[in-house]
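Shown next, in C-alpha cells, is the structure this report addresses.
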Amino acid sequence: LCHGAGVAGAPKPGDKADWGPRIAQGKETLYKHAIEGYTGSKGMMPARGGGTSLTDDEVKAAVDFMADQSI
C-alpha cells in the first residue's frame, strides 16, 4: 500500500528516478532496510513493511518485484 501511493517517501514501483539511487546501493542494502526498517532523508520504511509475520524471503521477494520494475 505505501509504495503504491508513495506514503512516507516510499518509492513507487516503476519510478526509475526515485528507485535508481536506492538500487545503486545494492540489493543487500535494500533487503536490510526492508527487513530491519530504515529512516532517511526521503522518509521511512517500517521493518518488514509493518507486516511482522512476513519472512525474510517474502520481504526480499517484494523488494525484488518492485526494484525489477524500476530498472
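Computed quantities for the displayed model
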item: So R22, is it open to solvent by less than 90 Å² (accessible area, probe 1.4 Å), in contact with a Leu (Cβ under 9 Å, 6 or more places away or on another chain) and on the phi > 0 side of the Ramachandran plot; result: no
item: Among (1) at pLDDT below 95; (2) open to solvent by 40 Å² or more (accessible area, probe 1.4 Å) - the single one G6 does not satisfy; result: (2)
item: Boolean, D15 is open to solvent by 40 Å² or more (accessible area, probe 1.4 Å), in contact with a Gly (Cβ under 9 Å, 6 or more places away or on another chain) and modelled with pLDDT of 95 or more; result: yes
item: All positions within segment 36-60 that are at pLDDT below 95, touching a helix residue (DSSP H, G or I) at 6+ places or on another chain (Cβ under 6 Å) and in a loop (DSSP other than H, G, I, E, B); result: K42
item: Cβ pairs under 9 Å, 6+ apart, first in segment 42-71 and touching a residue at least 60 places away in the same chain (Cβ under 8 Å) and surrounded by 12 or more Cβ atoms within 10 Å (Cβ to Cβ), second assigned to a helix (DSSP H, G or I) and of a type in the set (F, W, Y); result: M66/W19
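The values are calculated or read from the model by the stated rules, or taken from the named source; none is laboratory data. As the structure is a computational prediction, the values presented were derived from the model and not from experiment. So basically every Cβ, Gly included, is an ideal-geometry build from the backbone, and we count neighbours across all protein chains shown. Surface accessibility is based on the protein's heavy atoms, side chains included, excluding ligands, DNA and RNA. Shrake-Rupley method; radii C 1.70, N 1.55, O 1.52, S 1.80 Å.
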